[in-house]
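The values are calculated or read from the model by the stated rules, or taken from the named source; none is laboratory data. As the structure is a prediction and not an experimental result, all values here were calculated from the model. Neighbour counts run over all protein chains shown; Cβ positions are idealised from the backbone, glycine included.
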Amino acid sequence: MHYLPQCCNAFSLSGMKLEQFLAEKGQPMHELPNPVWLADLAFLVDITKHLNARNTNLHGKDAAVSQLYAHIKAFGSNLQLSERHLSQMKPIISHFPALHEVMDTFPQESIRAPTRRYAEALTSLYEEFSGHYLDFFFVCET
């Protein structure tokens, strides 16, 4: 699973080259010139990187419970912050490098709408995340 971001990142960065290659081979991929599809892919790449980082932090050898708790709380806070950033009229995408690259490549107006969907996805992820660690939060905060 930890190779997915590198694979998707290489795929998204070389989209135009890949599009030409596939067309030459008679296997066109019609989604590649679509900026919204590329933005969706870039968001997936960035979220996967963030999830992998959290997963790596939680698997630290000899980590104290207080360190694990701090990692979990920080990840939840980052999700909430990112959701607020993506919900703004002019989204702040500094924590999403692949998405930032796609949005710099294409006119902002054509891919602004997906950032609202990404904010909703982060809200849903945060709710799932919070529910998953609810018992842990309860024990550590009492």
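Could you please let me know if R84 is among the basic types (K, R), under 13 Å from the mean Cα position of the chain (by Cα), surrounded by fewer than 17 Cβ atoms within 10 Å (Cβ to Cβ) and modelled with pLDDT of 85 or more? Outline the logic, then answer.
Values: among the basic types (K, R): yes; under 13 Å from the mean Cα position of the chain (by Cα): no; surrounded by fewer than 17 Cβ atoms within 10 Å (Cβ to Cβ): yes; modelled with pLDDT of 85 or more: yes.
Against the criterion (among the basic types (K, R), under 13 Å from the mean Cα position of the chain (by Cα), surrounded by fewer than 17 Cβ atoms within 10 Å (Cβ to Cβ) and modelled with pLDDT of 85 or more), R84 does not qualify.
Of all helices (runs of 4 or more DSSP H) completely enclosed by the stretch 1-58, which ones contain at least 1 residues that are at pLDDT 70 or above and surrounded by 13 or more Cβ atoms within 10 Å (Cβ to Cβ)? Can you show your working first?
Details: elements: 4-13, 15-24, 35-58.
Ranges flagged: 15-24, 35-58.
Kindly indicate whether any position in the stretch 78-92 is within 20 Å of Y133 (Cβ to Cβ), in a helix (DSSP H, G or I), out of contact with any strand residue (DSSP E or B) (no Cβ under 9 Å at 6 or more places or on another chain) and of a type in the set (S, T, Y). Outline the logic, then answer.
Going through the stretch 78-92, the residues within 20 Å of Y133 (Cβ to Cβ) turn out to be 78-83.
Among the residues that remain, those that are also in a helix (DSSP H, G or I) are: 78-83.
Now drop any that are not out of contact with any strand residue (DSSP E or B) (no Cβ under 9 Å at 6 or more places or on another chain), which leaves 78-83.
Remaining after also requiring of a type in the set (S, T, Y): 82.
For the stretch 78-92, residues within 20 Å of Y133 (Cβ to Cβ), in a helix (DSSP H, G or I), out of contact with any strand residue (DSSP E or B) (no Cβ under 9 Å at 6 or more places or on another chain) and of a type in the set (S, T, Y): present.
Please work out if A64 is at pLDDT 80 or above, farther than 24 Å from L41 by Cβ and out of contact with any Leu (no Cβ under 7 Å at 6 or more places or on another chain). Before you say what the answer is, go through the steps one by one.
Numbers: at pLDDT 80 or above: yes; farther than 24 Å from L41 by Cβ: yes; out of contact with any Leu (no Cβ under 7 Å at 6 or more places or on another chain): yes.
Taking the combined requirement at face value, the residue satisfies it.
Among the residues of the stretch 59-74, write down those that are over 25 Å from L99 (Cβ atoms), hydrophobic (A, V, I, L, M, F, W, C) and exposed (fewer than 13 other Cβ atoms within 10 Å of the Cβ). Steps first, please.
Residues of the stretch 59-74 that are over 25 Å from L99 (Cβ atoms), as a first pass: 59-70.
Cutting the leftovers down to hydrophobic (A, V, I, L, M, F, W, C) gives us 63-65, 68, 70.
Once the filter is applied, which keeps residues that are over 25 Å from L99 (Cβ atoms), hydrophobic (A, V, I, L, M, F, W, C) and exposed (fewer than 13 other Cβ atoms within 10 Å of the Cβ), the stretch 59-74 yields A64, V65.
Scan the stretch 94-121 and report the pairs whose first residue is under 14 Å from L41 (Cα atoms) and polar (S, T, N, Q) and whose second residue is surrounded by 13 or more Cβ atoms within 10 Å (Cβ to Cβ) and at pLDDT 90 or above, with Cβ atoms within less than 7 Å and a gap of 6+ or a chain change.
Note: pairs meeting the criteria are T115/L86.
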